[in-house]
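The values are calculated or read from the model by the stated rules, or taken from the named source; none is laboratory data. No experiment lies behind these values; they were computed from the predicted model shown. We place every Cβ from the backbone using ideal geometry, glycine too, and count neighbours over all the protein chains shown.
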Amino acid sequence: MKANFSPTIRQLRAFLAVYQLRQLSAAAQRLFVTQSAVSMLLRQLEDGLGTRLFDRTTRSLKPTAAAQEMLPAAERILRDVDALAAGFRDLATLERGRVSIAITPTLASFLLPEAIGLFQQQHPKVRVVVSDCAPDQFIARILGEHVDFGIGTPERPGAEVETQRLLRDHLALVCRSDHPLAQARVVRWTDLGRHPVITVRPGYGVRPLIDGTASDAGVALEVAHEVSFLSTALWMTACGMGPSIMPSAFARAAGDPALVIKLLSAPRVSRDISVVTKRGHTLSEAARQFLDVLKRTL
């Protein structure tokens, strides 16, 4: 056997076809190649191994003892290669797979239900895993590769991640129709100074953005209630505990007809909800397809 010789997959397929069919012409027909190509592959295999694999007769090819010994290994290798190829075909065609997403419960509640429902209709064999987390855990889950990607609004994403804007949102005041600001044509940040408000707790989610904007506008907010989840702020507002400051997209998705949503102006404050991935991380076909579905549902 020649030093450093390794049989190729094509050579092993030619060997197995000839072993099973005992004729070059029949093996060539099975492999969709010419008879001379099969003959060349066998000759290369025999030269590399330093042994004859078939004895030529007038009618057929007879396997030698070396061929008999080689057969189980060749079959095992080709079976493993075919299984590997089939597995990748399944992943590429979404016959199986997994998509894992890091997202806060607030965003998940209005961004994902429709997208997941539609995606699972189209690709029922692909599993969607939602890793719901607090905002301060979001980036860590992406960098630790616990998920394929995240959907969120990282305040300081850092150089280790890449972001792609999914949608642009604005901060808004949400109040009942009987609140004094509900009938205002425009609600400015300075208008909030006279009204106790509900918002998320300090350092959590959009709170730094809210506090920074109010400070820049010269407003001292009177925060009557602080919550961890915007869903809590919404029901508190709905039952008359005061207006809430929150991203408008979440309030609109709630669809409560009793609530009025007023975009805050002077200044108008926007934030991007983005797809966040670890820099250099390649998304699977299933993950890319899920994002396409998500974008269509927004």
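Surrounded by 15 or more Cβ atoms within 10 Å (Cβ to Cβ), closer than 29 Å to Gln122 by Cβ and of a type in the set (Val, Ile, Thr): does that describe Thr277? Judged against the criteria, Thr277 is a match. For region 1-70, the helices (runs of 4 or more DSSP H) that sit wholly inside it and include 3 or more residues that are under 18 Å from Asp82 (Cβ atoms) are 9-21, 24-31. Determine whether region 257-265 contains at least one residue that is polar (S, T, N, Q) and more than 25 Å from the chain's Cα centre (by Cα). Checked against the condition, which is being polar (S, T, N, Q) and more than 25 Å from the chain's Cα centre (by Cα), region 257-265 yields at least one hit. Within region 42-55, the presence of a residue that is farther than 22 Å from Ser6 by Cβ and touching a residue at least 12 places away in the same chain (Cβ under 8 Å) is excluded.
Would you confirm whether or not region 101-108 contains a residue that is over 30 Å from Ile151 (Cβ atoms) and of a type in the set (Gly, Ala, Ser)? No, region 101-108 has no match at all.
One line per residue, one yes/no per condition, for (1) under 14 Å from Ser100 (Cβ atoms); (2) within 20 Å of the chain's Cα centre (by Cα); (3) in a strand (DSSP E or B):
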{"residue": "Val129", "(1), (2), (3)": "yes, yes, yes"}
{"residue": "Phe138", "(1), (2), (3)": "yes, yes, no"}
{"residue": "Asp191", "(1), (2), (3)": "no, no, no"}
{"residue": "Pro202", "(1), (2), (3)": "no, no, no"}
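Looking at the structure I just gave you, is Ser131 crowded, with 17+ Cβ neighbours inside 10 Å and in contact with a strand residue (DSSP E or B) (Cβ under 6 Å, 6 or more places away or on another chain)? Criteria met by Ser131.
The residue list Val197, Val227 contains one member that is touching a residue at least 24 places away in the same chain (Cβ under 8 Å) and surrounded by 20 or more Cβ atoms within 10 Å (Cβ to Cβ), which is Val197. The one condition from (1) at positive phi; (2) touching a residue at least 12 places away in the same chain (Cβ under 8 Å); (3) exposed (fewer than 15 other Cβ atoms within 10 Å of the Cβ) that Gly255 does not meet is (2). List, please: which pairs have Cβ atoms under 6 Å, are six or more places apart or on different chains, and start with a residue in region 78-103 that is of a type outside the set (Asp, Glu) and end with one that is surrounded by 13 or more Cβ atoms within 10 Å (Cβ to Cβ) and at pLDDT below 80? Taking only residues 6 or more apart or on different chains, the pairs are Arg96/Asp90; Gly97/Leu91.
I'm trying to understand the selection: among the residues of region 15-37, which are crowded, with 19+ Cβ neighbours inside 10 Å, among the hydrophobic types (A, V, I, L, M, F, W, C) and within 19 Å of Gln68 (Cα to Cα)?
Residues of region 15-37 that are crowded, with 19+ Cβ neighbours inside 10 Å, as a first pass: 15-19, 24, 27-28.
Okay, now just the ones that are also among the hydrophobic types (A, V, I, L, M, F, W, C), so 15-18, 24, 27-28.
Answer for region 15-37, where residues must be crowded, with 19+ Cβ neighbours inside 10 Å, among the hydrophobic types (A, V, I, L, M, F, W, C) and within 19 Å of Gln68 (Cα to Cα): Phe15, Leu16, Ala17, Val18, Leu24, Ala27.
For residues that are without any contact (Cβ under 8 Å) to a residue 40 or more places away in the chain and outside the structural domain of Arg194 (by TED's automatic domain parsing), scanning just region 143-179, find the one that is surrounded by the most Cβ atoms within 10 Å (Cβ to Cβ). Give the derivation first.
Narrowing region 143-179 to residues without any contact (Cβ under 8 Å) to a residue 40 or more places away in the chain: 144, 156, 158, 178.
Pick out the ones that are also outside the structural domain of Arg194 (by TED's automatic domain parsing) and you get 144, 156, 158.
Details: Gly144: 11, Arg156: 5, Gly158: 9.
Looking at the filtered set, the residue picked out is Gly144.
All of (1) over 18 Å from Phe110 (Cβ atoms); (2) buried (at least 16 other Cβ atoms within 10 Å of the Cβ) hold for Ala233 with one exception: (1).
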